[in-house]
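Read through the structure below, which is laid out as structure tokens, and then see the notes.
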Amino acid sequence: MSPRSAAKKSAKKMGAKTAPGDDVKSPAPPLLFVDAVEDGRARLLFGRHAFEVPAALLPRGAREGSWLRWSLALAPAPPDEEQGSALRAKLGRDDDGGDIDL
């Protein structure tokens, strides 16, 4: 049995209605919890994992206690390659090669 057939069979057992040729829907994007926002940084919880991001990345209206749906997508390189090169060079200079603090 192919993985696709197995997924359809499993979905049907759980009560999902599928038509021949329908792809099984992918799960919803994961949820993150905003644990704290201090000094321009936001601490987010993803399951048992915690990490910080700049608070400016939070959507408008998000605050401590908010739930966020996380969705990322690939993007093309910036049209101004000089700007992209300068950013990558800065990131490389600032990286000490050590572990990342979460």
| field | Length released on extending from A56 to L91, taking residue separation times 0.36 nm less the Cα-Cα span | value | 10.7 nm
| task | Scan around A62 for amide H atoms under 5 Å from its own, H built in the peptide plane at 1.01 Å from N, and keep only partners 5 or more places away or cross-chain. | result | none
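Values in this text are rule-based calculations from the coordinates and carry no lab data. These numbers come from a predicted model, not from an experiment.
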